[in-house]
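Written out below as structure tokens is the structure these notes cover.
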Amino acid sequence: MNYSANKGAALIVSLIMLTAVTFLAVISLQNSSTQVKMVGNTQTRESVFQAGMSALETLVSDFSAEKDGTTILSDAMTNTVQVNGEAVINQDTLNPMFDKATPGKRYSYNDQALKPVSVSVSYQGPGGSLNFSLSGDSSVQKFNKHPFLAEAGAEDRSERFASDQNLGFTFMSTTGR
């Protein structure tokens, strides 16, 4: 047999196989690092969304929990849009237009990747009234409905992800009659 002709064939075949295995390993590493980035982005996006929702929930719970919790609502009701000292009228509803009111409280979270959440409340205009007969009482009580819109804007520090949440709610107040 002639062994001198086959001496380099095993080396070439093993180098080709080693190159193919290395190529597959590099591709799988690239895929896994891409997946890690995707998971990180999803977590950040979800954190931004949850921060906005949490700020709205905290704002609404502040209305009943704090002594002056409804101050932001009264500020929103008196915060009319004015031009040259006169209120601007919405031509569709013929009611005054209202600016957003922002609470004095800052809504921020322990997540260092997020900026503080911006929160505002705007009055949507007169909402009408309701008559209720209270159970066990013969008197009829009249309530006014006041519609509001609370908005929260959350953003991560890299400014790649932002989330804006809106929550419409109605505040009922008695007319005293």
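The values are calculated or read from the model by the stated rules, or taken from the named source; none is laboratory data. It should be emphasised that the depicted structure is a prediction, and the values quoted were computed from it without experimental measurement.
Those strands (runs of 3 or more DSSP E) of segment 117-168 in which 3 or more residues are modelled with pLDDT under 70, under 28 Å from ALA55 (Cα atoms) and polar (S, T, N, Q) are absent.
Of note, MET53 satisfies the criterion of being within 30 Å of ALA150 (Cα to Cα), at pLDDT 90 or above and hydrophobic (A, V, I, L, M, F, W, C). Restricting segment 1-34 to residues that are modelled with pLDDT of 90 or more and of a type in the set (S, T, N, Q), the residue that is nearest to LEU114 (Cα to Cα) is THR22.
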